[in-house]
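As structure tokens, the structure follows; a few thoughts come after it.
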Amino acid sequence: MTKLWGGRFTKTAEEWVDAFGASIGFDQKLVDEDIEGSLAHVTMLGKCEILSSEEVELIKGGLNILREKAKKGELEFSVHNEDIHLNLEKFLIDEIGPVGGKLHTGRSRNDQVATDMHLYLRNQTEEIMSAVKKLQEAIVCQANDHIETLIPGYTHLQRAQPVSFSHHLLAYFWMLERDYSRLSDSLKRVNISPLGAGALAGTTFPIDREYSAQLLEFEGIYENSLDAVSDRDFIVEFLAASSTLMMHLSRFAEELILWSSQEFQFIEMDDTFATGSSIMPQKKNPDMAELIRGKTGRVYGNLFSLLTTLKGLPLAYNKDMQEDKEGMFDTVETVKGSLLIFAGMIETMKVKAEVMNEAVHQDFSNATELADYLATKGMPFREAHEVVGKLVLTAINKGVFLLELPFSDYKDASDLFEEDIYEVLQPKTVVARRNSAGGTGFEQVKKALAKAQSLL
């Protein structure tokens with residue numbers, strides 16, 4: 001079988017060589033985008049009178065037939081035709097005759113594939129942004145119910161200060177808001193048209209690149225034909241934004257895993273997002289959270305892989321760039337799936353408020369409050385820090401917590417202490433008093449929730 005580009009060749013490759021070089025196994029995902037780009041291209045060819053109106057309508061009709069067949073799964077792609085572009089061109093010629101070969105006038109597979117990926121990534125980025133918002137909605141819903149639910153706050157995974165559980169959840173809302181912003185900003189680089197740049201140098205045909213870009217709802221065109229066909233920055237940027245997003249999901253997943261353990265018991269995952277053990281009947285494993293944590297590594301790998309592929313490439317197109325697609329496709333599916341699962345986990349998780357409340361009464365996370373108390377009475381904070389440190393040591397030696405320490409121990413430590421110290425040390429008081437902007441105080445949390453809801 002002769003290749004569509006085979007005129008210059010006297011030998012044909014063996015099947016295993018064809019299979020190694022072909023991309024149809026994965027780039028068939030671009031079938032809708034390839035047809036969409038072709039419809040815009042042939043419409044432009046008609047406007048510029050490069051093809052007759054009859055030829056344009058015939059080609060459009062054939063492309064629409066192929067689009068319907070693709071939706072029904074009736075197209076059988078061939079490795080012999082290498083990629084989605086040549087496969088569709090062969091189908092088109094079979095459908096409408098030799099006039100189908102005129103579709104490729106004024107373009108190359110190089111600008112064609114770049115156009116396909118811009119269209120694909122624009123659509124997928126918008127879908128991912130929508131999924132980010134759904135996860136944020138789930139977080140806000142849980143946060144609304146737990147403004148005054150207290151949880152130990154940690155640094156170094158050691159109890160630090162008590163915080164509102166709502167405040168803790170909203171930390172991830174704002175991480176996701178930055179992720180949304182990064183993805184939104186990346187669309188400026190995605191939404192540019194390379195169509196009509198040709199193989200690398202443009203074309204002699206009097207095409208109208210701005211018109212085809214307008215038909216595809218791109219905001220502009222690449223100003224340089226070499227750049228148009230060799231640029232994959234927009235994919236790198238998407239992979240980088242996706243890596244950051246997955247990093248945030250992985251951190252959140254780690255906390256869900258810890259919180260659902262027997263050691264913490266702060267939450268219980270819904271059965272939908274957990275699995276059992278084949279040998280230990282009592283087990284309820286947070287497998288979906290663990291999978292998201294694990295899948296973060298493959299998204300990082302896709303970013304590093306493309307950066308490595310691109311780093312030594314001369315202009316313009318090189319076959320190496322065929323390796324740009326699988327990582328992009330994989331990242332899209334991984335991120336979309338992770339966001340969907342995560343929203344479900346947050347929506348359905350059971351928060352054990354009573355366990356969290358008990359935890360903040362069984363530690364020294366209110367110690368900073370003592371230092372602040374002394375500082376407000378005029379003692380230098382560094383001196384107050386030392387006084388409180390010794391009080392903590394006294395409590396440890398007595399096997400009690402600060403709320404259980406006799407008032408005489410406080411007076412021995414400093415005459416500045418008064419009986420109100422026990423109210424000051426109450427975890428709810430500790431949290432409520434931290435009312436600085438962005439703090440965990442209940443009034444600040446309510447303001448943060450209102451702002452978060454406005455962004456949704």
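Output yes when any residue across segment 348-356 is free of Cβ contacts under 8 Å to residues at least 12 places away in the same chain and under 23 Å from the mean Cα position of the chain (by Cα), and no when none is. Working first, answer last.
Start the filter on segment 348-356 by keeping residues that are free of Cβ contacts under 8 Å to residues at least 12 places away in the same chain, which leaves 354.
If we keep only those that are under 23 Å from the mean Cα position of the chain (by Cα) too, we end up with none.
Within segment 348-356, none of the residues are free of Cβ contacts under 8 Å to residues at least 12 places away in the same chain and under 23 Å from the mean Cα position of the chain (by Cα).
Do we have any residue at all in segment 99-106 that's outside any loop (DSSP other than H, G, I, E, B) and farther than 30 Å from Arg232 by Cα?
Yes, segment 99-106 contains at least one residue that is outside any loop (DSSP other than H, G, I, E, B) and farther than 30 Å from Arg232 by Cα.
Taking segment 317-373, which residues are touching a helix residue (DSSP H, G or I) at 6+ places or on another chain (Cβ under 9 Å), more than 30 Å from Leu307 (Cα to Cα), assigned to a helix (DSSP H, G or I) and not aliphatic (A, V, I, L, M)?
Once the filter is applied, which keeps residues that are touching a helix residue (DSSP H, G or I) at 6+ places or on another chain (Cβ under 9 Å), more than 30 Å from Leu307 (Cα to Cα), assigned to a helix (DSSP H, G or I) and not aliphatic (A, V, I, L, M), segment 317-373 yields Gly344, Glu347, Thr348, Asn357, Thr368, Glu369, Asp372, Tyr373.
Any residue at all in segment 123-130 that is in a loop (DSSP other than H, G, I, E, B) and either over 26 Å from Ser184 (Cα atoms) or without any contact (Cβ under 8 Å) to a residue 60 or more places away in the chain (or both)?
no
In segment 143-158, which residues are in a helix (DSSP H, G or I) and crowded, with 19+ Cβ neighbours inside 10 Å?
Step one: filter segment 143-158 for residues in a helix (DSSP H, G or I), giving 143-145.
Within segment 143-158, Ala143 is the sole residue that qualifies.
If I filter segment 190-211 down to residues being in contact (Cβ under 8 Å) with a residue 12 or more places away in the chain and among the charged types (D, E, K, R), which single residue comes out as surrounded by the fewest Cβ atoms within 10 Å (Cβ to Cβ)?
Step one: list which residues in segment 190-211 are in contact (Cβ under 8 Å) with a residue 12 or more places away in the chain, which gives 190-203, 205-209, 211.
In the following step, the residues that additionally are among the charged types (D, E, K, R) were identified as 208-209.
Details: Asp208: 15, Arg209: 23.
Checking each candidate, the answer is Asp208.
Taking the condition of being free of Cβ contacts under 8 Å to residues at least 24 places away in the same chain, exposed (fewer than 14 other Cβ atoms within 10 Å of the Cβ) and either assigned to a helix (DSSP H, G or I) or not polar (S, T, N, Q) (or both), how many residues in segment 234-282 meet it?
The total comes to 6.
Look at segment 395-419 and say how many of its residues are in contact (Cβ under 8 Å) with a residue 24 or more places away in the chain, farther than 21 Å from His361 by Cβ and in a loop (DSSP other than H, G, I, E, B).
The total comes to 2.
Yes or no: Val392 in contact (Cβ under 8 Å) with a residue 60 or more places away in the chain and either under 30 Å from Ala274 (Cα atoms) or surrounded by 13 or more Cβ atoms within 10 Å (Cβ to Cβ) (or both)?
no
Could you figure out which of (1) among the aromatic types (Phe, Trp, Tyr); (2) over 21 Å from Leu169 (Cα atoms); (3) modelled with pLDDT of 95 or more isn't true of Phe364?
For Phe364, the failing item is (3).
The values are calculated or read from the model by the stated rules, or taken from the named source; none is laboratory data. Everything numeric here is computed off the predicted structure, so don't read it as measured data. Every residue, glycine among them, receives a Cβ derived from its backbone with ideal geometry; neighbour counts consider all protein chains shown.
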